[in-house]
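**Student:** Below is a structure I'd like to ask you about.
The values are calculated or read from the model by the stated rules, or taken from the named source; none is laboratory data. Worth saying up front: this structure is predicted, and the values here are computed from it rather than measured. Cβ placement follows ideal geometry from the backbone for every residue including glycine, while neighbour counts extend to all protein chains displayed.
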């Protein structure tokens, strides 16, 4: 049963990939029909690596994360495979996945205020993770929690630990959630829009904190975000999603300096940049993402794409343009420059 | 927390005063006095009786006299049961009403919370639809319909339990308690189901699941308390419902509780008795509401840490 | 304060989405289109709820029988059939539901009682609606001190043992059907007032109301033109859920012998009669009890269905 128990933690040496997602599909049954939120998605992560999945809201990035954790809403279903050190998470029973959650894969969410239980003290909410997975005594667990809270820069944790979430600011709540996720030193931390709900100044603190912790604990992070600023400082690889599909995936530098998909390029142009003072232009992407209920045939981005041509009425396949750089576009991106 | 409690308590007094005032004046403007039914009384005796009960004084004076009495917890003599004071009648009836009411309250709370939770966990399942269908029955069928039917089947046809009367004996309590508890159970079950479903959809439950806690632990540790809050708030109205129901139940099962006295008193224009019961139950509801507020605040950190 | 919020949370939530959508539509100045699609959507959802549709059908059937029935049956409600006293239901004698202690046909009596019960239900609900909507809209619209005082009063009223007051009223002023209407209507307005107040408070904060205020509309114009139309959803749900409550209260009073008086009757009064003779004449209990229960059951189901239909929370 406890194949993922902490005694067998050093699974990284087995040589298997940390996470391998194959042909992942997430489908929601709604009153108006089936909605395919994620469509045939493939990607993989090496141990210690940080992958950022980037896209607009509704692109399926959050559903990808939830599918991996088996936390989809009741009307959602995940198909395909998501292998964690070789074992398919999607096929696990409730007991098996609960051994993985919190211990090997932790997750932090977008809105820290609603993600903490308002009726329990911070202490109770943190202790239960260690008591559940490490069978620690209350006393030992408490020491570990205090240590962890210090790591995420919560001042006066001895006192703070007895407080309720509403007594914390939003940024502190997110720190608590990060600390909570790292308590068992998971191999993978899934962070779903960890900075979106926060004030800009606080966003920076959280970004810095995550960078520090990543170095310190050597945790792999699957970062779900639409904020390319977060990606730049944190990610090793970037995967861009559009309408439930991969459109481009490459090492972070390639994405930033040599984007090949028109959508990626448009995303980059849409980011306001402080280093270009003066007559810089921000270019929002015209139009809206397509309705997932009835996707048009062909490339889903073609209505908003400046470079679309006849061939785009057919769906382009994903191809590897250069090693490590996958692209779903008939063009190879040279025209973008 | 102390501050909050005192503030809530402070509100109980104007409420109680209003209750007493309305009851007092409503009764006094009523046409017909308590001794009208005894037609053969000579006028001088009638006058003496009125004087004895201060019915000849100006209304305002009577009102303040009555307030003074109430402050000493004295509801005065009963007009109808000549040898009894209202206090004695209440003291006699209350233990009976209380035991049935408390049992019914306990039963409906545990059963309602249990059924509601089960239905929520099996949302839109056969079990859920079945349980909620039953709950709807419990709400829709008045207890004065259920009680006679139960008596007809269980007592008259099968002869398992007594059809009424009162002794301190569980056999006499089963049917009254069940009929009294039924609608409240149904309400609580529906309330609990709704709030549990809502809580289970909240973000912090997703966090709890992401920690690897078992579904049972998630519900027990994380979902139960917030889901119970609406049920706790309902306990005040639930008590009022129970008391109202007890009037009917005590009549049907011939139970000598306060409800029976009240109905008798109302029919006979027994002013002091009726007012005594209204004020007594009113005070009970107010007190209970106060306790419910305290429990609610205690369960909800966002209130008690203010 | 917090308790009151919780209590009305269900219904508040029920139309939060609805009014939100309306507000959006009005802000875009396309009220008709969005309004229609909202109601159409609600109707669609209601029709998909089989329990509610079935209940609605059954209710209409009962309504028709109760209204038309007494004219079609050969017996008068107060006619005594001396040959058939306490007679059980029988096709041969023409008394399909049997007769009572004085030989009156129970079928006619049951329908007659239904007329009164339903009438009380509708009229008293309207009374409570008028009081509740006015009170709640005023409190919610003016807000601040006015709202605080008004809601405090509601809180105080909530703590009263109302049924006892109604009983007192009946005793004091005699057993009079008009009084039953008023008494029941007057105690049921509290819920409505709370719900309407909550709705009004949130509507007041919407852009289109703020725009109307900025354009110099008077409070009265805003309440009538903008607030009340948007309360329709809650009000409809509330009405369907209040009618059964009112019927229940009336039958409760009648059961205690305090409601309608002979020769008039209601379902509650009939159940009371039936309960007294149930050992020898169980049909006297069962028929009115079944009619009463089915009506209440259906009303509650329709109310529930309407609330679900108008509540877009679980629409994805």
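**Student:** Yes or no: the stretch B:76-86 includes at least one residue that is at pLDDT 85 or above, touching a strand residue (DSSP E or B) at 6+ places or on another chain (Cβ under 6 Å), away from chain C (no Cβ under 14 Å) and closer than 21 Å to residue B:268 by Cα.
**Tutor:** Checked against the condition, which is being at pLDDT 85 or above, touching a strand residue (DSSP E or B) at 6+ places or on another chain (Cβ under 6 Å), away from chain C (no Cβ under 14 Å) and closer than 21 Å to residue B:268 by Cα, the stretch B:76-86 yields at least one hit.
**Student:** Looking at residue B:148, is it within 23 Å of the chain's Cα centre (by Cα), buried (at least 22 other Cβ atoms within 10 Å of the Cβ), more than 30 Å from residue B:195 (Cα to Cα) and within 14 Å of chain C (Cβ to nearest Cβ)?
**Tutor:** On the way: within 23 Å of the chain's Cα centre (by Cα): yes; buried (at least 22 other Cβ atoms within 10 Å of the Cβ): yes; more than 30 Å from residue B:195 (Cα to Cα): yes; within 14 Å of chain C (Cβ to nearest Cβ): yes.
So residue B:148 fits the description; yes.
**Student:** Could you tell me which numbered condition residue A:326 fails, if it satisfies all but one of (1) crowded, with 17+ Cβ neighbours inside 10 Å; (2) in a loop (DSSP other than H, G, I, E, B)?
**Tutor:** (2)
**Student:** What are the pairs, 6+ residues apart or on separate chains, where a residue within the stretch C:269-296 that is facing another protein chain (nearest Cβ under 9 Å) has its Cβ under 6 Å from a residue that is at pLDDT 90 or above?
**Tutor:** Going by the 6 Å Cβ cut-off, the qualifying pairs are C:295/C:62.
**Student:** For the stretch B:210-230, state whether one or more residues are touching a residue at least 12 places away in the same chain (Cβ under 8 Å), more than 13 Å from chain A (Cβ to nearest Cβ) and part of a helix (DSSP H, G or I).
**Tutor:** Yes, the conditions are met somewhere in the stretch B:210-230.
**Student:** Mind listing whichever residues of the stretch B:22-48 are closer than 21 Å to residue B:266 by Cβ, more than 10 Å from chain C (Cβ to nearest Cβ) and at pLDDT 70 or above?
**Tutor:** Narrowing the stretch B:22-48 to residues closer than 21 Å to residue B:266 by Cβ: B:22-39.
Next cut, more than 10 Å from chain C (Cβ to nearest Cβ) only: B:24-25, B:33-39.
B:24, B:25 - these are the residues of the stretch B:22-48 that are closer than 21 Å to residue B:266 by Cβ, more than 10 Å from chain C (Cβ to nearest Cβ) and at pLDDT 70 or above.
**Student:** Being out of contact with any helix residue (DSSP H, G or I) (no Cβ under 6 Å at 6 or more places or on another chain), assigned to a helix (DSSP H, G or I) and more than 14 Å from every other protein chain (Cβ to nearest Cβ) narrows it down to one residue among B:108, B:99; which is it?
**Tutor:** B:99
**Student:** Follow-up. I'd like to verify a number: residues in the stretch A:131-167 that are assigned to a helix (DSSP H, G or I), touching a residue at least 12 places away in the same chain (Cβ under 8 Å) and facing chain B (nearest Cβ under 10 Å), how many?
**Tutor:** Here the count works out to 4.
**Student:** Residues that are in contact (Cβ under 8 Å) with a residue 24 or more places away in the chain, part of a helix (DSSP H, G or I) and within 19 Å of residue C:287 (Cβ to Cβ): does the stretch B:155-178 have at least one?
**Tutor:** Scanning the stretch B:155-178, I find no residue that is in contact (Cβ under 8 Å) with a residue 24 or more places away in the chain, part of a helix (DSSP H, G or I) and within 19 Å of residue C:287 (Cβ to Cβ), so the answer is no.
**Student:** Looking only at the stretch B:259-280, decide whether some residue is assigned to a helix (DSSP H, G or I), out of contact with any strand residue (DSSP E or B) (no Cβ under 8 Å at 6 or more places or on another chain), within 14 Å of chain A (Cβ to nearest Cβ) and surrounded by fewer than 21 Cβ atoms within 10 Å (Cβ to Cβ).
**Tutor:** no
**Student:** Among the numbered conditions (1) within 14 Å of chain C (Cβ to nearest Cβ); (2) in contact (Cβ under 8 Å) with a residue 40 or more places away in the chain, tell me where residue B:133 comes up short.
**Tutor:** (2)
**Student:** What's the total number of residues in the stretch C:256-315 that are modelled with pLDDT of 85 or more and surrounded by fewer than 20 Cβ atoms within 10 Å (Cβ to Cβ)?
**Tutor:** Total satisfying the criteria: 3.
**Student:** Give me the strands (runs of 3 or more DSSP E) completely within the stretch A:46-121, filtered to those with at least 1 residues that are farther than 21 Å from residue A:194 by Cα and more than 8 Å from chain B (Cβ to nearest Cβ), ordered by residue number.
**Tutor:** A:76-84
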